[in-house]
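Peer 1: Here's a structure for you.
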Amino acid sequence: MKTLLFPHRFKLVGWIVFAISAAIGAYIWFADYTDSYLLNNIAIIGISIGAILSTCSREKVEDEMTEQIRLNSLL
């Protein structure tokens, strides 16, 4: 059976991208920084990519049942 989940190392990368992008988004929100559309787009795309990477990556120790349940729920 072919798995469509990312390897476990992508979970850490996803959390790092998500945290940095969320910090940029929080800065834009609280500083009322309305002039930069580029920072806004970077924050939105980074949060989306980080969430997908951390959600769709495998656990460190994952048996066949857990893998099948997660794969079915993601698809």
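Peer 1: What number, rounded to the nearest 500 deg cm²/dmol, is the helix-based mean residue ellipticity at 222 nm of the chain, given -39500 (n - 2.57) per DSSP H run of at least four residues and division by all its residues?
Peer 2: One gets -23500 deg cm²/dmol as the mean residue ellipticity at 222 nm.
Peer 1: Relative contact order (percent) for the chain, with alpha-carbon contacts under 8 angstrom and 6 or more residues of separation?
Peer 2: 47
Peer 1: Excluding SER57 itself, what net charge comes from residues whose Cβ is under 9 Å from its Cβ, given Lys and Arg +1 and Asp and Glu -1?
Peer 2: Residues close to SER57 contribute a combined charge of +2.
Peer 1: To continue, here is another question. Just going by the charge dipole of the chain, with Lys and Arg at +1 and Asp and Glu at -1 on Cβ, which of ALA22, ASN40, HIS8 is farthest out on the positive end?
Peer 2: Toward the positive end, the furthest listed residue is HIS8.
Peer 1: Where does helix 9-30 land angle-wise versus the long Cα axis of the chain, in degrees 0 to 90, nearest 10?
Peer 2: It works out to around 20 degrees.
Peer 1: Ok, one more. Name the residues whose placed amide hydrogens come within less than 5 Å of the amide hydrogen of SER57, ignoring near sequence neighbours (fewer than 5 apart) on the same chain.
Peer 2: Result for SER57 returns PHE6.
Peer 1: If you roll a 1.4 Å probe over the heavy atoms of the protein chains, what accessible area per residue do you get for the chain, in Å²?
Peer 2: 77
Peer 1: Just from the alpha-carbon atoms, what are the Rg and Dmax of the chain in angstroms?
Peer 2: Rg then Dmax for the chain, in Å: 15.7, 49.
Peer 1: Next up: Per-residue HN-Hα couplings for region 40-48, Karplus 6.51 cos²θ - 1.76 cosθ + 1.60 at θ = phi - 60°, whole Hz, x for Gly and Pro?
Peer 2: 5, 5, 4, 5, 5, 5, x, 5, 5
Peer 1: Where in the chain lies the longest segment free of trypsin sites (Lys or Arg not before Pro) that are both loop residues by DSSP (not H, G, I, E, B) and have at most 12 other Cβ atoms within 10 Å?
Peer 2: 3-59
Peer 1: For the chain, with only Lys/Arg (+1) and Asp/Glu (-1) charged at the beta-carbon, what is the dipole magnitude about the Cα centre, in debye rounded to 20?
Peer 2: 200
The values are calculated or read from the model by the stated rules, or taken from the named source; none is laboratory data. Predicted model, so just to flag it, every value in this text is computed and none were measured. Cβ sites come from the backbone with ideal geometry, for glycine too, and all protein chains shown count toward neighbours. When the accessible area is computed, the model is the full protein with side chains, heavy atoms only, and any ligands, DNA or RNA have been set aside. Shrake-Rupley method; radii C 1.70, N 1.55, O 1.52, S 1.80 Å.
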